[in-house]
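Comments concern the structure below.
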Amino acid sequence: MRRVRIRPLLALAAALALLVSHASPAQEAKSVKLGTTADHTKFKELQREFKSGPEVTQACLTCHTEAAGQIHRTKHWSWEFLNPDSQQRLGKKNVINNFCISVPSNYAFCTSCHVGYGWKDANFDFKSEQNVDCLVCHDTTGNYKKLPGLAGNVLAQDTEMPPGSGKIVKGIDLAKVAQKVGKSSRDNCGACHFFGGGGDGVKHGDMDSSLAAPDKALDVHMDASGLDFTCAACHKASSHDVAGSRYTPTAKDAKGALMRGREGDDKRNPATCTACHDLKPHKGKARLDNHAATLACQTCHIPTIARGGVATKLTWDWSTAGQLDDKGQPIIKKNAKGQVVYDSKKGDFTLGENVVPEYAWFNGDVRYTLLGDKIDAGAGVVKINALGGSPNDGKSLIWPMKVFRGSQPYDTENRTLVTPHTAGNDDTAYWKNFGWEKAVASGMQVSGAPFSGKLGFVKTEMSWPITHMVAPKEKALGCTDCHTAAGGRLAGIEGVYLPARDRNVLIDTAGWGLALLTFFGVAGHGLLRFASRRRTR
């Protein structure tokens with residue numbers, strides 16, 4: 001009988017046990033693609049019931065101690081911006097537009113898109129850390145909603161909205177939202193920026209809910225199954241201060257690709273095409289690269305706007321608002337596509353999809369018509385924002401624009417635009433009582449501006465440089481979209497010679513002359529060769 005060797009068997013068993021003990025942790029390893037380094041469900045500060053947004057913020061600040069102070073220093077918080085070039089005090093709080101017109105006296109309604117809680121009037125406490133809304137930018141559940149009329153507050157309990165309507169709005173479980181916070185997504189930014197002007201796609205034309213999960217044809221960068229950029233991929237934030245501004249936009253970035261850490265690049269705008277694509281983005285195609293000295297990239301690569309299935313507003317006529325039906329009730333009219341084209345509260349609209357932009361020279365300088373600025377209503381159209389630019393200033397490129405046209409109230413005596421009180425449930429709100437005089441008197445009082453009591457309507461115009469909905473190169477404009485005798489995209493652009501669009505008799509004559517001389521030269525050379533060949537034989 002053979003003797004069994006015990007010692008080798010014990011060694012083998014120990015080795016197997018060691019392998020098993022090392023294999024288990026590896027199988028439990030978490031994905032390296034996690035979007036966060038912290039599991040907020042494990043934080044005791046968030047494992048409780050929250051009755052309001054500020055309570056959540058207080059919990060957030062126990063770890064993120066400097067976040068509120070950073071937010072306080074941004075335009076997203078103050079809604080105010082001093083343009084260093086024009087010295088105009090701008091920002092959402094101060095400018096007038098021809099969509100919903102203005103913020104003052106409509107705070108509770110407008111500030112549903114503020115990154116804070118409780119901004120209902122001019123007495124809002126901008127120094128309060130608890131008033132900062134962390135969740136609106138960091139929610140990943142999709143369940144965090146801020147309703148108009150609540151001054152940026154959220155409902156933590158089931159609430160009847162509006163009061164007396166019998167309609168119950170379900171309260172948000174703030175603890176669940178707080179435990180699932182993460183990096184900002186397109187949905188976070190889009191909750192406000194897709195819906196600017198009072199509805200989906202209304203204001204910008206190149207930003208609407210179709211960008212939440214776009215395909216490549218709609219936006220080559222945000223393509224949900226491709227590059228899948230978030231807004232923050234380009235609008236990089238440092239200390240919560242999001243890069244990019246419509247008040248001081250970068251119209252021409254002549255410094256080439258932006259490199260992190262390089263001296264001076266930290267002061268540049270990272271949200272330009274050049275910042276990533278450099279000054280010669282068309283590999284091996286010098287002729288196309290030459291175009292970049294005259295054209296913004298967006299001019300060719302955003303052939304149309306509002307092409308994701310969401311229409312954008314093109315005109316808004318406030319002068320026709322206030323029409324009521326036979327029973328004295330407000331009216332809503334829709335077109336064949338089901339789009340609202342008339343609302344008693346707002347007047348007439350026109351909308352469009354796949355809209356061809358308008359084009360203009362633009363150097364980044366934007367001047368606004370602010371409250372108190374004198375206007376000339378008799379001159380035709382008042383430009384609410386005037387964009388600078390020319391072919392000769394060395395700072396301009398040809399840009400695509402959405403030009404929004406409207407008609408809005410103004411003070412005929414003082415010759416100024418006005419800030420009407422539109423939203424609200426009080427006696428002076430236009431959407432409640434349809435009385436312009438009351439609404440404007442109330443709004444101007446809140447704005448601290450004089451009102452003569454005499455009203456009229458003036459045509460206005462506002463230009464929005466287009467920069468989103470970037471199409472892939474296969475869908476970009478072709479040569480003949482601009483280089484054509486009539487009807488080209490740049491038909492109205494002056495200061496640049498555009499072959500096929502433009503003609504110069506002298507150049508044409510010289511060109512044809514050179515072509516004929518070349519022809520005769522080649523023909524003569526051929527004849528001489530033919531004759532000399534016969535002589536040789």
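The values are calculated or read from the model by the stated rules, or taken from the named source; none is laboratory data. On a predicted model such as this, the values are computed, not experimentally measured, just so you know. With ideal geometry, Cβ positions are generated from the backbone for all residues, glycine too; neighbour counts draw on all protein chains shown. The area values use the complete protein model at the heavy-atom level, side chains included, leaving out ligands, DNA and RNA. Shrake-Rupley method; radii C 1.70, N 1.55, O 1.52, S 1.80 Å.
Just the residues that are touching a helix residue (DSSP H, G or I) at 6+ places or on another chain (Cβ under 8 Å), over 18 Å from residue 112 (Cα atoms) and either of a type in the set (S, T, N, Q) or open to solvent by 80 Å² or more (accessible area, probe 1.4 Å) (or both), please, taken from segment 52-62.
62
Kindly check whether there is at least one residue in segment 410-419 that is open to solvent by 30 Å² or more (accessible area, probe 1.4 Å), of a type outside the set (S, T, N, Q), modelled with pLDDT under 95 and part of a loop (DSSP other than H, G, I, E, B).
no
In segment 330-347, what residues are open to solvent by less than 60 Å² (accessible area, probe 1.4 Å), in contact with a strand residue (DSSP E or B) (Cβ under 9 Å, 6 or more places away or on another chain) and not aromatic (Phe, Trp, Tyr)?
Result: 331, 335, 339, 340, 341, 343, 344, 346, 347.
Output the residues belonging to segment 454-467 that are over 15 Å from residue 97 (Cα atoms) and open to solvent by less than 40 Å² (accessible area, probe 1.4 Å).
456, 466 - these are the residues of segment 454-467 that are over 15 Å from residue 97 (Cα atoms) and open to solvent by less than 40 Å² (accessible area, probe 1.4 Å).
Among 406, 389, which is open to solvent by less than 20 Å² (accessible area, probe 1.4 Å), touching a Ser or Thr at 6+ places or on another chain (Cβ under 8 Å) and not polar (S, T, N, Q)?
406
So residue 176 clears everything in (1) of a type in the set (Lys, Arg); (2) under 28 Å from residue 312 (Cα atoms); (3) not in a loop (DSSP other than H, G, I, E, B) except one condition, right? Which one?
(2)
Would you confirm whether any residue within segment 187-200 is part of a loop (DSSP other than H, G, I, E, B) and over 22 Å from the mean Cα position of the chain (by Cα)?
The answer is no, given that none of the residues of segment 187-200 is part of a loop (DSSP other than H, G, I, E, B) and over 22 Å from the mean Cα position of the chain (by Cα).
Open to solvent by 50 Å² or more (accessible area, probe 1.4 Å), out of contact with any helix residue (DSSP H, G or I) (no Cβ under 9 Å at 6 or more places or on another chain) and more than 19 Å from residue 464 (Cβ to Cβ): is that true of residue 285 in this structure?
Yes: the conditions hold for residue 285.
In segment 79-126, which residue that is in a strand (DSSP E or B) and not small (Gly, Ala, Ser) is surrounded by the fewest Cβ atoms within 10 Å (Cβ to Cβ)?
82
Can you spot a residue in segment 449-469 that is part of a loop (DSSP other than H, G, I, E, B) and without any contact (Cβ under 8 Å) to a residue 24 or more places away in the chain?
The answer is no, given that none of the residues of segment 449-469 is part of a loop (DSSP other than H, G, I, E, B) and without any contact (Cβ under 8 Å) to a residue 24 or more places away in the chain.
If only one of 470, 522, 496, 505 is of a type outside the set (Asp, Glu) and in contact with an Asp or Glu (Cβ under 8 Å, 6 or more places away or on another chain), which one is it?
470
Determine whether residue 115 is under 20 Å from the mean Cα position of the chain (by Cα) and either modelled with pLDDT of 95 or more or of a type outside the set (Lys, Arg) (or both).
Yes, satisfied.
Six or more apart or on different chains, Cβ atoms under 7 Å: show the pairs whose first residue is in segment 217-239 and under 17 Å from residue 304 (Cα atoms) and whose second is part of a helix (DSSP H, G or I) and at pLDDT 95 or above.
Final answer for the pair search is 217/475; 218/210; 219/211; 222/186; 222/211.
Take segment 477-497 and flag every residue that is over 23 Å from residue 364 (Cβ atoms) and not polar (S, T, N, Q).
Matches in segment 477-497: 478, 479, 481, 483, 485, 486, 487, 488, 491, 497.
Give the residues of segment 200-216 that are without any contact (Cβ under 8 Å) to a residue 60 or more places away in the chain and open to solvent by less than 40 Å² (accessible area, probe 1.4 Å), sorted by residue number.
Scanning segment 200-216 gives a single hit, 212.
May I ask you to say which residue of 515, 510, 523 is over 44 Å from the mean Cα position of the chain (by Cα), surrounded by 11 or more Cβ atoms within 10 Å (Cβ to Cβ) and part of a helix (DSSP H, G or I)?
It is 510.
For segment 65-111, name all the residues that are within 13 Å of residue 368 (Cβ to Cβ), without any contact (Cβ under 8 Å) to a residue 60 or more places away in the chain and under 17 Å from the mean Cα position of the chain (by Cα).
Matches in segment 65-111: 92 only.
Among what's in segment 348-381 and is without any contact (Cβ under 8 Å) to a residue 60 or more places away in the chain and of a type in the set (S, T, N, Q), pick the residue that is most open to solvent (accessible area, probe 1.4 Å).
Only one residue tops the list, namely 354.
Report the residue count in segment 221-244 for those that are open to solvent by less than 30 Å² (accessible area, probe 1.4 Å) and either modelled with pLDDT under 95 or in contact with a helix residue (DSSP H, G or I) (Cβ under 8 Å, 6 or more places away or on another chain) (or both).
Going through segment 221-244 one residue at a time, the tally reaches 3.
In segment 247-259, is there at least one residue being surrounded by fewer than 17 Cβ atoms within 10 Å (Cβ to Cβ) and touching a His at 6+ places or on another chain (Cβ under 9 Å)?
Checking segment 247-259: at least one residue is surrounded by fewer than 17 Cβ atoms within 10 Å (Cβ to Cβ) and touching a His at 6+ places or on another chain (Cβ under 9 Å).
List the number of the failed condition for residue 422; all other conditions in (1) open to solvent by 50 Å² or more (accessible area, probe 1.4 Å); (2) among the polar types (S, T, N, Q); (3) more than 25 Å from residue 87 (Cα to Cα) hold.
(1)
For segment 181-190, which positions are in contact (Cβ under 8 Å) with a residue 60 or more places away in the chain and open to solvent by less than 90 Å² (accessible area, probe 1.4 Å)?
Hits for segment 181-190 are 181, 182.
Tally the residues that are closer than 19 Å to residue 44 by Cβ, under 29 Å from the mean Cα position of the chain (by Cα) and open to solvent by less than 30 Å² (accessible area, probe 1.4 Å), restricting the search to segment 154-180.
3
Name the pairs: first residue in segment 112-141 and within 25 Å of residue 447 (Cβ to Cβ), second residue of a type in the set (D, E, K, R) and part of a loop (DSSP other than H, G, I, E, B), Cβ to Cβ under 7 Å, at least 6 apart or on different chains?
112/146; 115/133; 116/133; 117/133; 131/125
Take the conditions of a type in the set (A, V, I, L, M) and assigned to a strand (DSSP E or B) and apply them to residue 403. Does it pass?
yes
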